[in-house]
Amino acid sequence: MTDALGWRKKFGVLAPSTNTIVEPDFYAMRVPGVTAHFSRIHIRNQNLGSDKDFENLLAEIRVEINYAIDRVMTCEPDYMVMGMSAETFWDGMEGNRLFKTRVTERAGGLDVATGAEACEKALGLFGAKRIGVVTPYQPIGDRNVVRFFNDIGFDVPKIKGLRCPTAIAIAHVTEDELRRSLMEVDGPDIDALVQVGTNLSMVRLAEEAERWLGKPVIAINAATWWWALRQNGIEDKVYGAGRLLREF
């Protein structure tokens, strides 16, 4: 039988237990007949103060994500969405492909939208080649983001890592801080700006920034939601979340 509210699609969404931004962002961009069902990846140690701490967090996630997938599969979703971006950029293009394969196999063959792939598709639509990037990460995270974009043919001359000390602290970054960061990675030679890190609150600011910068500003949560919808044949436009959801 068809789900009463998710009569078009039910998305199973995987998100860290510390993330307080991606879930309300996805709900704010909802379209009729599509529902998002969150399963939390248990984060026991949220310290991100160093490269080593960052690697330890990802190692924990690679174990805990399996249990999160198992839990959300009990609601019989039609499709999977990764509500965390760092792991989808790790080890470049090949790392993203392997991550997608692991999730799909655990989820009984369901395809999965990742933030890295969503950014790739979005930048291609905009015809961008040189991008500025804002992240909440430590240097090791920034290097993996740059590697991914380089692997798929984009130059990243400017990247701003905010070095957030904990996973929860990412959600405490203000719009003023993000605005300054966007300006820092912008320039006349930059075709588009990209924000990664799903616990950064950027969707609303990206909508505004596109107007005063005059170029695409891709917020990771908007891009991931857009890609999930379009991959499932859902062409509804969403307003207030940037050009991507409004125009493509």
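The values are calculated or read from the model by the stated rules, or taken from the named source; none is laboratory data. None of the values given here were measured: they were computed from a predicted structure. Here the Cβ positions follow ideal geometry from the backbone for every residue, glycine too, while neighbour counts run over all protein chains shown.
Some points to look at:
- Among the conditions (1) in contact with a Ser or Thr (Cβ under 9 Å, 6 or more places away or on another chain); (2) under 12 Å from Ala192 (Cα atoms); (3) not basic (Lys, Arg), Val103 misses just one, which is (2).
- Residues of region 165-202 that are surrounded by 15 or more Cβ atoms within 10 Å (Cβ to Cβ) and polar (S, T, N, Q): Thr166, Ser181, Gln195, Thr198, Asn199, Ser201.
- Residue that is at pLDDT 95 or above, assigned by TED's automatic domain parsing to the domain that holds Leu48 and either of a type outside the set (Asp, Glu) or out of contact with any Phe, Trp or Tyr (no Cβ under 9 Å at 6 or more places or on another chain) (or both), where the choices are Leu110, Leu125: Leu110
- Any hit, region 231-242, residues being surrounded by fewer than 17 Cβ atoms within 10 Å (Cβ to Cβ), of a type in the set (Ser, Thr, Tyr) and free of Cβ contacts under 8 Å to residues at least 60 places away in the same chain: yes
- Tally, over region 122-148, of residues that are under 14 Å from Lys158 (Cβ atoms), touching a helix residue (DSSP H, G or I) at 6+ places or on another chain (Cβ under 7 Å) and not in a helix (DSSP H, G or I): 5
- Of the candidates Val173, Val194, Val156, the single residue that is among the aliphatic types (A, V, I, L, M) and closer than 14 Å to Ser85 by Cβ is Val194.
- The residues of region 179-199 that are in contact with a helix residue (DSSP H, G or I) (Cβ under 8 Å, 6 or more places away or on another chain) and within 14 Å of Ile159 (Cβ to Cβ), listed by number, are Leu182, Asp186, Ala192, Leu193, Val194, Gln195, Val196, Gly197.
Each row is one residue, and each column tells you yes or no for (1) farther than 20 Å from Trp227 by Cβ; (2) under 15 Å from the mean Cα position of the chain (by Cα); (3) in the same structural domain as Gly141 (by TED's automatic domain parsing); (4) in contact (Cβ under 8 Å) with a residue 24 or more places away in the chain.
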site	(1), (2), (3), (4)
Asp25	no, yes, no, yes
Thr35	no, no, no, yes
Phe38	no, yes, no, yes
Asp51	yes, no, no, yes
Phe54	yes, no, no, yes
Val72	no, no, no, yes
Glu76	yes, no, no, yes
Glu87	no, yes, no, yes
Phe99	no, yes, no, no
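- Subset of region 158-192 that is of a type outside the set (Lys, Arg), without any contact (Cβ under 8 Å) to a residue 24 or more places away in the chain and part of a helix (DSSP H, G or I) - its residue that is farthest from Pro139 (Cα to Cα): Asp176
- Filtered residues of region 83-121 (kept if β-branched (Val, Ile, Thr) and outside any helix (DSSP H, G or I)): Val112, Thr114
- Those residues of region 12-53 which are out of contact with any Asp or Glu (no Cβ under 8 Å at 6 or more places or on another chain), surrounded by fewer than 20 Cβ atoms within 10 Å (Cβ to Cβ) and at pLDDT below 95, in sequence order: Gln46, Gly49, Ser50, Asp51, Lys52, Asp53
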